[in-house]
1. Considering the options A:47, A:100, A:32, tell which one lies farthest towards the positive end of the dipole of chain A, charges being +1 on Lys and Arg and -1 on Asp and Glu at the Cβ, about the Cα centre.
2. What are the residues whose amide H is under 5 Å from the amide H of residue B:84, where those residues sit 5 or more places off or on another chain and H is modelled from the backbone?
3. Looking at chain B only, what percent of DSSP beta bridges run antiparallel? Nearest 5 please.
4. Mind checking the dipole of chain A: about its Cα centre, +1 per Lys or Arg Cβ, -1 per Asp or Glu Cβ, Debye to the nearest 20?
5. Would you calculate a helix-derived [θ] at 222 nm for chain B, using -39,500 (n - 2.57) for each DSSP H run of n ≥ 4 and dividing by the full residue count, to the nearest 500?
6. Determine which lysines satisfy two conditions relative to residue A:3: a Cα distance under 25 Å, and not lying fewer than 8 residues away in the same chain.
7. Looking only at other chains, what is the average number of their beta-carbon atoms within 10 angstrom of each beta-carbon in B:63-74?
8. Per q in 0.08, 0.09, 0.12, 0.14 Å⁻¹, report the Debye log10 I(q)/I(0) for the protein assembly as shown, using one uniform scatterer on each alpha carbon and no solvent.
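Each value in this text was obtained by applying a stated rule to the coordinates, not by laboratory testing. All values derive from a computational prediction rather than experimental measurement. All Cβ positions, glycine included, derive from the backbone under ideal geometry; neighbour counts span all protein chains shown.
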Amino acid sequence: MDKDLLDVAQLLATAAQQTSPRQALLRRAVSTAYYAVFQTLAARCAATLVTYSGSDWETYTIAYRALDHAVAQRLLGARDIGTSFGDEIAALGAAFVRLNQARTQADYIPGTFPLGKSQVAELIEQARGACQIVEAIPTPIMRRLAAQLLLKRR
Amino acid sequence: MLTDEDVSVLADRILRKALEGHGYDRVEVRSGADVDDAPSLFVNAILVTGVPVVRGDVINSAAAALRNELLKNGEIRFPYLSLVHPDDEFPVDASPNSGSDRTERTNG
């Protein structure tokens with residue numbers, strides 16, 4: 001799990017709680033929470049398909065960087081995600097799509113940020129839950145999921 | 001495609017069970033488009049005042065159960081589930097009600 005990023009998201013949200021919340025803090029907290037999930041998923045995909053030990057670090061990095069936001073959103077948000085991968089991955093998918101929507105709002109959409117402190121705190125919680133799901137995916141299922149996420153179909 | 005009222009009935013049944021013990025009060029549903037312009041459902045689970053932040057695994061399971069139930073009923077639009085705390089605090093450099101219409105386009 002990318003615990004460091006979750007900690008940073010929590011710090012930003014906590015800073016927003018100690019004073020009157022400011023948009024910039026809440027926006028960065030949401031975006032960071034999403035990236036905690038994205039990077040946890042990228043790391044698990046890469047570690048499942050290639051080793052990350054010793055001289056294979058460069059190979060691991062290639063696999064790590066192969067995860068694409070749109071591809072992940074499309075696969076994890078697909079209608080058949082539950083039947084293909086089970087209830088836990090369906091829960092991961094629901095969280096991933098929600099967080100990706102929220103981070104797009106946070107990162108790219110100007111104007112008033114529509115989320116309050118509690119909603120941001122719950123998005124961080126959703127990210128924490130999603131990271132825990134990613135870490136607990138059994139290897140055979142993770143291998144199938146990683147292949148579909150990282151490898152282009154022909 | 002279900003109406004917002006149809007979705008509300010289904011969502012209320014699912015969320016009342018999934019969020020039991022977490023202060024669930026009622027649901028509000030609105031059709032719209034997400035930031036990628038995909039037709040979507042915005043499902044707000046309104047909580048009672050004063051409840052603490054809900055655990056992530058509870059929210060994620062509720063969201064997945066909601067998605068699954070909608071799919072069973074032929075509704076393919078993605079439901080964006082948000083928990084709404086009536087006593088939530090919004091940024092001081094923003095007004096609490098002016099953001100959603102800018103970021104989530106509605107159909108009507």
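1. It is A:100.
2. Under 5 Å from the amide H of residue B:84 lie the amide H atoms of B:45, B:46, B:47, each far enough along the sequence or on another chain.
3. Around 60 percent antiparallel, to the nearest 5.
4. Around 440 debye, computed over chain A.
5. -10500 deg cm²/dmol
6. Qualifying lysines at Cα under 25 Å: A:117.
7. Across the residues of B:63-74, the mean count of other-chain Cβ atoms within 10 Å is 4.
8. -0.31, -0.39, -0.70, -0.95
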